[in-house]
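FYI, it's all coordinate maths here, none of it is from the lab. Nothing here was measured: the structure is a model prediction, and the numbers come from that model. Virtual Cβ from ideal backbone geometry, glycine too; neighbours counted across all protein chains shown.
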Amino acid sequence: MATATIHIKEVGGYAGANHLTRCYRLDPPWKFDRVDHEYVTVTVTVPQKHTEGEVTLHAATETGAPSGSMKRRAGSYVLHEAPITPEYVEGCYALSLGMLGYQISG
């Protein structure tokens, strides 16, 4: 089974206070642009008055920083209107990684 393990629970440095960004280590690595990547960041952007909330997934380095490109990858999606609770955010991470075929472990 392909697994994703939390590597960095709260990644800093992403613009805006409404971003909840986490870095995961993937086993086995995922291939983006024909290159294996062991890490991805998943960002949950909380909806604001005039913007949609969204979940974005990016290839990452071990520090959680983008690995070359900020292109949205499979596992990215727009949030539906819902209260943003801690449980909802955890579900966002799980759904995003699940779209890649990974299950969160540990």
Out of (1) without any contact (Cβ under 8 Å) to a residue 60 or more places away in the chain; (2) crowded, with 16+ Cβ neighbours inside 10 Å; (3) in contact with a Leu (Cβ under 9 Å, 6 or more places away or on another chain), the one E10 does not meet is (2)
Hey, any hits in region 79-97 for a residue that's over 15 Å from T21 (Cβ atoms), in a helix (DSSP H, G or I) and in contact (Cβ under 8 Å) with a residue 40 or more places away in the chain? yes
Taking the criterion of being of a type in the set (D, E), touching a strand residue (DSSP E or B) at 6+ places or on another chain (Cβ under 7 Å) and at negative phi, would at least one residue in region 18-30 satisfy it? yes
Restricting region 13-42 to residues that are within 18 Å of S105 (Cα to Cα) and polar (S, T, N, Q), the one surrounded by the fewest Cβ atoms within 10 Å (Cβ to Cβ) turns out to be T21
Every residue from region 20-39 that is under 17 Å from T63 (Cα atoms), without any contact (Cβ under 8 Å) to a residue 40 or more places away in the chain and not charged (D, E, K, R): P29, H37, Y39
